[in-house]
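A.B. asks: Dropping the structure in here first, questions after.
The values are calculated or read from the model by the stated rules, or taken from the named source; none is laboratory data. Remember, it's a predicted structure, so these values are computed and weren't measured experimentally. No Cβ is skipped: glycine too gets one built from the backbone with ideal geometry, and neighbour counts run over all protein chains shown.
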Amino acid sequence: MTKPFLQRTITAVFIVGIMTAGILSGGMTSWLLFLMIAGLCLTELKRLLIGNKLNWRAAMFIFTGLIPCLTGGFILYAPPAMAGYLTSIALTTLLALWVFIWILAELLFPEKKPYATVRKAFFGFFYIGLPFSILPFMVQIDGTYSAGLLFGFVALIWVFDSGSYVVGTTFGRTKIMPAVSPGKTWEGALGGLVSAMAISVLIYRVFDVLTEVDWLVVAVLTSVFGLLGDLVESSLKRHYQWKDSGSLLPGHGGMLDRFDSLIFAIPFTGAYLLFIA
């Protein structure tokens, strides 16, 4: 066993342990877990888009991306009377105030490219903030948090990534997009898809949520859009000439490297679950 593979495996076991504990601990705990993950991903995206400087623009960038996640958590877990008020026009007003305060700050303290950071922050808002804000609602079955559905969804992402990596490094020959991600092959993607579909049958038998057909569909959605999410993040890194989004996870790179597939799979899987609800 090579050192990189061993390092990657140890890190993966650690991530799986932390996330499993967070998901199974309940709805609010899982929301806090993914809120932290979103914040770390936004921190790495900030580094890619606007650099390493820690200043008020960096803080504004990260907080802007977290607004959807914080709003979603407040809707689900705040006291009913308070949530009922703040989920109406007040939330829209607060977001508008935040944006215009930032625009005024840019007017008073301009940079070389006016409002460039504002535009990039809203890329983070849509690319990271919105998907993670969908997740807590996506796993509400009949209005109740389903740890099984969330765990199964995340597990399919893990299995696809692992299956793609193992099959791709062993049998991969045909590159998918060599100019964007030289390591991604069609053989690896097929291996990941087959692995995810096989595990979806086991997930169906373990967790009493969704039908077997629905889990197979979710396996296909997470595989296809997870792969696309990986390619999008690779394209982003290549544009800004970064090898990894960060170094927090030995053998995996950064948090964005690890969760890029999840980010892209959430909206499409969520749309399907909404369709069958």
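A.B. asks: Against the definition (modelled with pLDDT of 95 or more, closer than 23 Å to THR170 by Cα and surrounded by fewer than 23 Cβ atoms within 10 Å (Cβ to Cβ)), how does VAL194 come out, yes or no?
C.D. replies: Taking the combined requirement at face value, the residue satisfies it.
A.B. asks: Is one or more of the residues making up region 172-181 assigned to a strand (DSSP E or B), surrounded by fewer than 21 Cβ atoms within 10 Å (Cβ to Cβ), in contact (Cβ under 8 Å) with a residue 24 or more places away in the chain and over 21 Å from the mean Cα position of the chain (by Cα)?
C.D. replies: Yes, that holds for at least one residue.
A.B. asks: What single numbered condition from (1) in contact with a helix residue (DSSP H, G or I) (Cβ under 7 Å, 6 or more places away or on another chain); (2) part of a helix (DSSP H, G or I); (3) more than 26 Å from MET28 (Cβ to Cβ) fails to hold for CYS69?
C.D. replies: The one condition CYS69 does not meet is (3).
A.B. asks: Could you tell me whether region 140-147 includes any residue that is assigned to a helix (DSSP H, G or I) and of a type in the set (Val, Ile, Thr)?
C.D. replies: no
A.B. asks: If I ask for residues that are over 16 Å from the mean Cα position of the chain (by Cα) and either closer than 18 Å to THR43 by Cβ or surrounded by fewer than 21 Cβ atoms within 10 Å (Cβ to Cβ) (or both), which ones from region 214-236 would you list?
C.D. replies: The answer is ASP214, LEU216, VAL217, VAL220, SER235.
A.B. asks: Which one of these is crowded, with 21+ Cβ neighbours inside 10 Å and either under 22 Å from the mean Cα position of the chain (by Cα) or in contact (Cβ under 8 Å) with a residue 60 or more places away in the chain (or both): PHE268, PHE275, PHE264?
C.D. replies: None of the others qualify; the one that does is PHE264.
A.B. asks: Out of the residues in region 168-193 meeting the condition of being hydrophobic (A, V, I, L, M, F, W, C) and touching a helix residue (DSSP H, G or I) at 6+ places or on another chain (Cβ under 7 Å), tell me which one is farthest from PRO267 (Cα to Cα).
C.D. replies: PHE171
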